[in-house]
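Take a look at the structure set out below.
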Amino acid sequence: MSDEDKRRKGIALFKQLTEGQERSAGTVRAALPEKFTRYTMEHLFGDVWQGEELSLQQRSLITCTILVALNREAEQRIHFPGARNLGVPREQLEAMIVHAAHYAGWPVAASAFRVLGEVWPVAEA
């Protein structure tokens, strides 16, 4: 697959992940160098996320798990709604956070639940 094909696939997936998310307040788009953005679209979303070994839902849940363990709240604000857009049920995210709490720590889980509540309120579940 050419770099251009990867870029197109990556952009399409990124749009699917970020559908409905605020773009103006820096939530989704930050001032990133063009080269880094190209790597993100071509390699990360256009290649790594496109593998056949895992479904998009599995990749999303894995990504969310890593972001919880690393306490990356800004990225959780992108990937928790992205998981929702890909069909990951809120209950799976909640179960993942509880599980991660036992390995990554209670404070990161508490932070993750706060972020989840902000981007995906229970009333919308």
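Since every read-out is calculated from the coordinates, none of them should be taken as a lab result. Only a predicted model underlies this, so the values are computations on that prediction, with no experimental measurement involved. Because the Cβ atoms are built from the backbone with ideal geometry, glycine has one as well, and the counts that use them run over all protein chains shown.
Taking each residue as 0.36 nm, the span from residue 53 to residue 70 lengthens on full extension beyond its C-alpha to C-alpha distance by 3.7 nm. For the chain, the longest principal axis of the alpha carbon atoms and the long axis of helix 3-18 meet at an angle near 30°.
Taking Rg/Rh (Cα atoms, Kirkwood Rh) as calculated from this structure, the corresponding entry among (1) 0.98; (2) 0.92; (3) 1.20 is (1). In this rough spin-label picture, where each label sits 7 Å from Cα along the Cβ direction, the residue 92-residue 11 distance is 2.8 nm. Taking each DSSP H run with n ≥ 4 as -39500 (n - 2.57) and averaging over every residue of the chain yields -20000 deg cm²/dmol at 222 nm.
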